[in-house]
Amino acid sequence: MHTEIPRYDADVVVIGGSYAGLSAALQLARARRRVLVVDAGVRRNRFAAHSHGFLGQDGRAPGDIAAAGRAEVLAYPTVRWHDGAATGAQADGDGFAVSLADGATVRARRLVLAVGVEDQLPPIDGLASRWGRSVFHCPYCHGYELGGGRIGVLATSALSHHHAMMLPDWGTVTLFTNGCYAPDAAQREALAARGVAIEPARVECLVDMATLALADGRRVVLDGLFTLSRTQVNGSVAAQLGCAMDEGPMGAYLRTDAIKETSVPGVFACGDAARAAGSIAFAVGDGVQAGVGAHQSLLSR
């Protein structure tokens, strides 16, 4: 629902109201700074029923964690919330002007980009509809719940070798190379030492919960499948501002320093958009640092 936003100067606009953005906003709110959170409402983990590995919230529904965080942040009187997307941002004097999808413009002294990323999945029929349910990317987030069962690794590049080497700690693993790479002799030896089977046949599609239909007609029944997505930073705001990027194993992400400031002074970034690989726990921690960094920068500039 659209909330009318007056033209006022916020201390900080936080773009993205998921775990990282909420964490940054909380630090700023507790410093009694005026904060506007702009959120398009698209969490990366919206497909998963449960979240794991975040201390104090293990096994809780991701949406419930985010909703509780939003309520905590909005309890502070200096915080405002806008449901909608930020479509642009540019330098404006000694601060920034942020354009919103409804045509409004808001101005702030600092920005925190917690825009998240979009997962670009392998083009295998049936995979996207099972993403976050029986197809995953993070063993630490989802491996334990497979109960030591049958796990597949669908290769997307040579980086999938590392995935396959990790996952035997969570079950019995088969690596489906799917024409994406051919393990060399040393890699085969390492995989064998970890008990990983190698399946070279191409994967046609996924059926049932996590059953792979192969090109030669066989079907391999699994309890869960892991694959590496490619990630893309959401939106165009970071690019418009000229924020530098670094290339990670799964895609480009925003370059930040020790206090989570980007290459553009006054612009901070946190969450999956500013990290090579992420989780809720990492996002919350990075959000704390971005919020603290943004606040402290207001004291000296």
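Please treat every number below as a calculation from the coordinates, not as lab data. Quantities reported herein were computed from a predicted structural model and do not represent experimental measurements. Ideal geometry is used to build each Cβ from the backbone, glycine not excepted, and the neighbour counts take in all protein chains shown.
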The relative contact order of the chain, taking Cα pairs under 8 Å that sit 6 or more residues apart, comes to a percentage of 21
Any residue on another chain or 5+ positions along whose placed amide H is under 5 Å from the amide H of PHE268 is listed here as LEU111, VAL112, LEU113, THR262
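How big, on average over all directions, is the shadow cast by the Cα convex hull of the stretch 122-227, in nm²?
Details: hull surface 23.4 nm².
Average of the hull's projected areas for the stretch 122-227 equals 5.8 nm².
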Dividing the helical contributions, -39500 (n - 2.57) per DSSP H run of n ≥ 4, by the residues of the chain yields a 222 nm value, nearest 500 deg cm²/dmol, of -7000 deg cm²/dmol
Between ARG133 and GLU145, the two model label points (7 Å from Cα along the beta-carbon direction) sit apart by a distance in nm of 1.2
As a percent rounded to 5, the proportion of antiparallel DSSP bridges among beta bridges in the stretch 30-114 is 65
Helix 19-30: inclination vs the chain longest Cα principal axis, degrees, rounded to 10, gives 30
Over all Cα pairs of the stretch 193-301, the Kirkwood radius sets Rh, and Rg/Rh then becomes 1.19
By the rule of another cysteine's Cβ lying under 4.7 Å, the cysteines of the chain that fail to get a partner are CYS180, CYS205, CYS243, CYS270
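Take each of the peptides 266-278, 158-170, average the number of other beta-carbon atoms within 10 Å over its residues, and list them starting from the highest. Could the numbers behind the result be given before it?
Working: 266-278: 26.0, 158-170: 17.8.
The densest-packed peptide leads the list: 266-278, 158-170.
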antiparallel share of DSSP beta bridges within the chain, to nearest 5, in %, is 40
Given Cβ charges of +1 for Lys and Arg and -1 for Asp and Glu, the option among GLY242, GLY84, LEU36 whose Cα lies farthest towards the positive end of the dipole of the chain is LEU36
In whole Å, largest first, the alpha carbons of the stretch 50-151 cover along the principal axes 57, 36, 22
A correct Stokes-Einstein calculation for the chain, using the alpha-carbon Kirkwood radius, 10 °C and 1.306 mPa s, returns a whole-number D in µm² s⁻¹ of 78
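If R0 is 30 Å, what FRET efficiency do you get for SER236 and ASP208 from their C-beta distance, rounded to 0.05? If you can, show how the numbers build up before the last one.
Numbers: r = 39 Å, r/R0 = 1.30.
Once rounded, the FRET efficiency stands at 0.15.
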